[in-house]
Structures are given as C-alpha cells and as structure tokens.
Amino acid sequence: MTSTAALSDVEQKSLTEIPHPSLPEGSSIYGGTKVFPDYQAEPGEVYFTLVHGIAHESSVSFVAILQATRALRKGFESALYFYGPGSLNCLATRGFPTTGNSAFPGEHNINNQLATFIAEGGKAFCCRFGLSLHGAREEDLMDGVIPTHPLDVQDALIYYARKGAIINSTYMF
C-alpha cells in the first residue's frame, strides 16, 4: 500500500484491522438463480411505463427506461410516458460545459438509453406541461420524443389500460 499521508498508529491499526478487500475481484457474492420464468410477449401484449422521476436524482427514471427496453426486446409493444419532473429526462440539452459533453461519467446514461429505446421501436411521450414547470422548452426534446398535452397523461393511461397493457408507474418524491 502506497500512501502520501503519514498515518498515526491508531489510524494504521484501524486501516489494517479487517483485511481489504475481503474477497478478490470477480468473487460471486450473490446467487444467479432466476426464480420466475423469462416471459416473452404473446401477440399483441403491451407494456406501458409512466415516469415521474427527476433525471440523476435517483435511479427511478433510468431503471424505468431499462425495464421498458427489456419489455420491448421481449416482444412487447412498449411505451414510456414522462410527466411532471420526469419530463426533464427527455432533454437533448444535457451536458456541461456544452450540450453533449458529460461533466461526469454517466451523465448521458438516461439520454443514451432513451435513444436506444426509441431506435429499437419504443415510443416515448413527454408532457409539455411537465417541461414548462421546469423552464424546459419543447424544442429541447431529444429526437423521437413525442410531446403531449397535459390532459394526455390520464387518457394515455386509459388508452394503454384498455389495450390490456402491463402498467409500470414509477414515481419519485
């Protein structure tokens, strides 16, 4: 171990009290048994996700996009609906110091995964009112994201429920 700071005896004792790392890299610490069947879509099945999570404030939005993408790859018609603060996930203007530049690793994870979802045939809707609440502009939306009227949130839910969709509603407060 190389250190540039001098350690006191008690700091050294605390540091070496428990060996680190306790397991070498690559060690399994979780089992790999999948409990439920790997369901694939039956003809006409639909998966609909509502996203009300702020980009980068939790994993809620990113995981919702990953799940919707997985459903799409299983053969489901899959759609995402971003509303409220979730609308911010759809912005193409993310970046620092300029758009498209990542100020930290993973800054564009949401953008990249959403672009993949759309490119693979998923539909992404974004509430215009959600954008306006946060000062975002409709022209700042990523390519392929469909802007929607505020009253569409409820009607989209009804539309997809009537299609028999599996509905995943994610929410962050």
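The values are calculated or read from the model by the stated rules, or taken from the named source; none is laboratory data. It should be emphasised that the depicted structure is a prediction, and the values quoted were computed from it without experimental measurement. As a convention, Cβ positions derive from the backbone with ideal geometry for all residues, glycine included, and neighbour counts pool all protein chains shown. Please note that ligands, DNA and RNA were not included when accessible areas were found on the heavy atoms of the full protein model with its side chains. Shrake-Rupley method; radii C 1.70, N 1.55, O 1.52, S 1.80 Å.
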Free-standing Cys residues across the chain, given no other cysteine C-beta under 4.7 angstrom = 127
With the full set of protein chains in place, find how many percent of the accessible area of the stretch 63-173 is carbon and sulfur; take the probe as 1.4 Å.
-> 56
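Taking only the C-alpha atoms, wrap a convex hull around the stretch 1-76 and report its volume per residue in Å³ as a whole number. Mind showing how you got there, number by number?
Values: hull volume 15.1 nm³, N = 76.
In the stretch 1-76, the Cα hull volume divided by residue count equals 199 Å³.
Looking at the stretch 113-173, which GluC sites (Glu not before Pro) are in a loop (DSSP not H, G, I, E or B) and have at most 11 other Cβ atoms within 10 Å? Spell out each step's value before the answer.
On the way: sites: 120, 138, 139; in loops: 120.
Those satisfying the criteria are 120.
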On Cα atoms only, tilt of 60-73 relative to the major axis of the chain in degrees = 60
Alpha-carbon Debye profile of the stretch 76-162, log10 I(q)/I(0) at 0.21 Å⁻¹ | -1.01
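List nothing, just return the count: lysine pairs in the chain, 8 or more apart or interchain, with Cα separation under 24 Å. Write down the numbers at each step before the final one.
Numbers: 34/74; 74/123; 74/163; 123/163.
Eligible lysine pairs with Cα atoms under 24 Å apart amount to 4.
Hey, what's the Kirkwood Rh for the stretch 25-134 if you take every pair of different alpha carbons, in angstrom? Could the numbers behind the result be given before it?
Details: mean 1/r = 0.0651 Å⁻¹.
With all distinct Cα pairs of the stretch 25-134 included, I get 15.4 Å.
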